[in-house]
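Every number here is computed from the coordinates shown, using simple stated rules; none is lab data. Only a predicted model underlies this, so the values are computations on that prediction, with no experimental measurement involved. Here the Cβ positions follow ideal geometry from the backbone for every residue, glycine too, while neighbour counts run over all protein chains shown.
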Amino acid sequence: MNCPIIKKIEIYKTEEQYRAPVPAGSFTLKKRYSIFIHITARLGNKTYEGWGEGSQFHPFFTGETCEQMTDDVEKRIAPHIIGMEIHSVRGVLDLINKLKGMKYDYLCTLSAVDMALFDLLGQFRQASVFSMIRKFLQMEPIEENFPNMPISLCLDFIKPDSESGIDEIIKKADKLAGDGYRFFEVPLYKHSDLAYVNNMISRINEKLHLSFPGIKFSFSIHAGEVFSEIEEIRDIKQNDFAGVSHFIQPFHRDIPHYSFLLKEMLREQDDKLSVFSDQGASSVERIRNLVESGSVDGIVVKMGRSGGFSFIVELYNFLLKYPGIPLAFSSLFESGLGTAANIHASLVLHESGLRDSGYGFDGFSRVAGDKYCHGKDAIKYINPDKGWTDIDGSGCMVFGSLQAVGNTKGLGQEINMDYILSNTHKASIISRRNEKIVIHRFPYRKGSPDNRNVETEIMNVGN
């Protein structure tokens, strides 16, 4: 069978200023650092392209930096995939598994390459990524009946010093609820703030039920590993968590047995609060340990830190052995390109999705706010007036399936190259010349390459 052959890989290393600082555990993020992967393949005179995005978020959480991710693609991935044929889902999975066996820990980098390969395969096969994977897994097609994907928003806040500050947070939540948002995640930055956050959620819930009687709102607390001592379980026990559906990653990923003890305590109290793992669920191997040890009730799925669509296929096979484990889908604050990949991933596994958590893909608005759909993102939007969002029949804010699926080929997105280049500070072009891999590195200034300072490196194929 004639199939496209990979000829070139381009890497764009970007940084963007968040419109507001993003608190993340004990860190505050001011910029989004990403790499965009562009893979070009040819079959005869026809060219096929695929795009992927890798977000480092913060090295504490992902273990990777953009510099390391770029170096891995240049020297440890590109030499092994340039010249390879792209022909099937199985072929892409085998290729990713081969790369994973060489250096297991660089899963954010693999995710970006994996996205681009599946996007390219979809362009060749004239099919969307989620539909190709569901067909490969022998799942029922869902094109005729898309599931609702209600949006979950994170209520970021810096702990107010006064009562008026709390009132502002409540006012913000009330405005968002009026816009159609039903699912909210509230971060916990210090374990000593748990009672404060729990009380704030209770007050927000009370206000929302007064403003919108008959509508159910759901809250989750993202603890981000702020608890470290077993004695702190007692602090959790002293709160009633009214209106909170689940507690995310209370303890460090390396002490899951504390989460098990917390679960046992909640069960004794007949508490309906569930314990979910986030940072501790970065691979199927970790997830298996958590599930078999009884340490969690559910899993937060972030395909961008776990190996991309290949991870989603592994997770599907795992869930066949452990059915009933609920999944909460979230992201690493990627742009619209990474968000599209996350939505395709959630469509593959939507039968296991926890509706009470919503879909936490809000990275596309973290940089430009509501202007993201007017040229301020890595993709061009089908409907600039609505962007990703839509209102369903119940008045709930959801992701619009048309934007998620796009043109039904690959990830279905049109790349906004001008925007990517405007945020690029260094790019690499990797190709093959006879039996050598040639890497050209370009500094970028104001959206254009600085051709006076090009670095060139030549490597043997497969090195």
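What to note about this one:
- The chain, relative contact order in percent, only Cα pairs under 8 angstrom and at least six apart counted: 19 percent
- Restraint check, 46/380; 13/100; 135/409; 30/172, Cα-Cα greater than 19 Å: 46/380; 13/100; 30/172
- Burial order of peptide ranges 409-418, 436-445, 333-342, 219-228 (average beta-carbon count within 10 Å, highest first): 333-342, 219-228, 409-418, 436-445
- Prolate/oblate/rounded label for the chain (Cα gyration tensor, a/c 1.5): prolate
- Counting only DSSP beta bridges whose two residues both lie in the chain, roughly 70 percent are antiparallel.
- Stretched out straight at 0.36 nm per residue, the stretch from residue 146 to residue 167 would grow longer than its current Cα-Cα span by 3.8 nm.
- Candidate lysines for bridging to residue 237, where Cα separation is under 23 Å - those fewer than 8 sequence places away on the same chain excluded: 159, 190, 263, 272
- Computed over the Cα atoms of the range 215-261, pair by distinct pair, the Kirkwood hydrodynamic radius stands at 11.5 angstrom.
- Of 61, 141, 324, farthest towards positive along the dipole that unit charges on Lys, Arg, Asp, Glu beta carbons give the chain: 141
- Two-decimal log10 I(q)/I(0) for the range 71-173, as the Debye equation yields it once each C-alpha is a single scatterer, q = 0.09, 0.19, 0.23 Å⁻¹: -0.44, -0.96, -1.23
- Dividing the alpha-carbon radius of gyration of the range 1-148 by the rule-of-thumb value 2.2 N^0.38 Å gives 1.15.
- Cα shape, the range 307-463, gyration tensor, a/c 1.5 rule: oblate
- Summarised as an ellipsoid, the range 214-343 has semi-axes of 25, 18, 14 Å, derived from the eigenvalues of the Cα gyration tensor scaled by 5 and square-rooted, with the largest first.
- Amide H contacts of residue 360 (H built 1.01 Å from N, in plane; Pro and chain starts excluded): 152, 329, 330 sit under 5 Å, all sequence-distant by 5 or more or on other chains.
- Relative contact order, whole percent, for the range 115-190 stands at 31, derived from Cα pairs under 8 Å and 6 or more residues apart.
- Peptides ranked, highest mean first, by Cβ atoms within 10 Å: ranges 197-208, 142-153, 314-325: 197-208, 142-153, 314-325
- Taking every DSSP bridge with both residues inside the range 152-414, close to 15 percent are antiparallel.
- Counting every other Cβ atom within 10 Å of each residue's Cβ, 240, 156 order from fewest to most as 240, 156.
- For the range 1-132, the residue among 47, 17, 91 whose Cα projects farthest onto the positive side of the dipole built from Cβ charges is 47.
- P(r) of the range 164-253 over all Cα-Cα pairs, binned every 5 Å from zero, in whole percent: 3, 14, 25, 24, 16, 10, 6, 2, 0
- Sites residue 203 and residue 80, calculated FRET efficiency, Cβ-Cβ separation with R0 45 Å, nearest 0.05: 0.25
- Formal net charge of residues neighbouring residue 251 (Cβ-Cβ distance under 15 Å; K, R +1; D, E -1): -3
- For the pair residue 414 and residue 448, the difference between a 0.36 nm per residue extended length and the Cα-Cα distance amounts to 10.2 nm.
- Taking Cα atoms only, the orientation of helix 194-211 departs from the longest principal axis of the chain by about 80 degrees.
- With a simple spin-label model that places each label point 7 Å from the Cα along the Cα-to-Cβ direction, the separation between residue 231 and residue 320 comes to 4.9 nm.
- Diffusion coefficient of the range 152-414 by Stokes-Einstein, Kirkwood radius over Cα pairs, 10 °C, 1.306 mPa s: 82 µm²/s.
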